[in-house]
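Participant: Got a structure for you, questions after.
Every number in this text was worked out from the coordinates using simple rules, so none of it is lab data. All of these numbers come straight from a predicted model, not from anything done at the bench. Here the Cβ positions follow ideal geometry from the backbone for every residue, glycine too, while neighbour counts run over all protein chains shown.
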């Protein structure tokens, strides 16, 4: 494998890890009743919460969901 192939493989692995993390925290938020649903839509990550649709990048969605879960667990 050359450097370009290795970089591409690494990028794919990082993206997969990010998607797995997003799915995990999204499912946790659903099970806690914090959001109604989540998933990809039009290149963004969609979160359904209290009758509204929130579209975020993957990184923003992970941070948003983690903060949402953390705020409930701290109260």
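Participant: Please work out if residue 17 is free of Cβ contacts under 8 Å to residues at least 40 places away in the same chain, loosely packed, with under 15 Cβ neighbours inside 10 Å and outside any helix (DSSP H, G or I).
Facilitator: So residue 17 does not fit the description; no.
Participant: Working only within region 25-47, note down all residues that are outside any loop (DSSP other than H, G, I, E, B) and in contact with a helix residue (DSSP H, G or I) (Cβ under 9 Å, 6 or more places away or on another chain).
Facilitator: Correct list: 25, 26, 28, 29, 37, 38, 39, 40, 44, 45, 46, 47.
Participant: In addition: Of all residues in region 20-53, which are over 16 Å from residue 66 (Cα atoms) and either over 14 Å from the mean Cα position of the chain (by Cα) or surrounded by 14 or more Cβ atoms within 10 Å (Cβ to Cβ) (or both)?
Facilitator: Narrowing region 20-53 to residues over 16 Å from residue 66 (Cα atoms): 40-44, 50-53.
Of everything in region 20-53, those that are over 16 Å from residue 66 (Cα atoms) and either over 14 Å from the mean Cα position of the chain (by Cα) or surrounded by 14 or more Cβ atoms within 10 Å (Cβ to Cβ) (or both) turn out to be 42, 44, 50, 51, 52, 53.
Participant: Of the residues in region 49-61, how many are closer than 11 Å to residue 38 by Cβ and in contact with a helix residue (DSSP H, G or I) (Cβ under 7 Å, 6 or more places away or on another chain)?
Facilitator: 2
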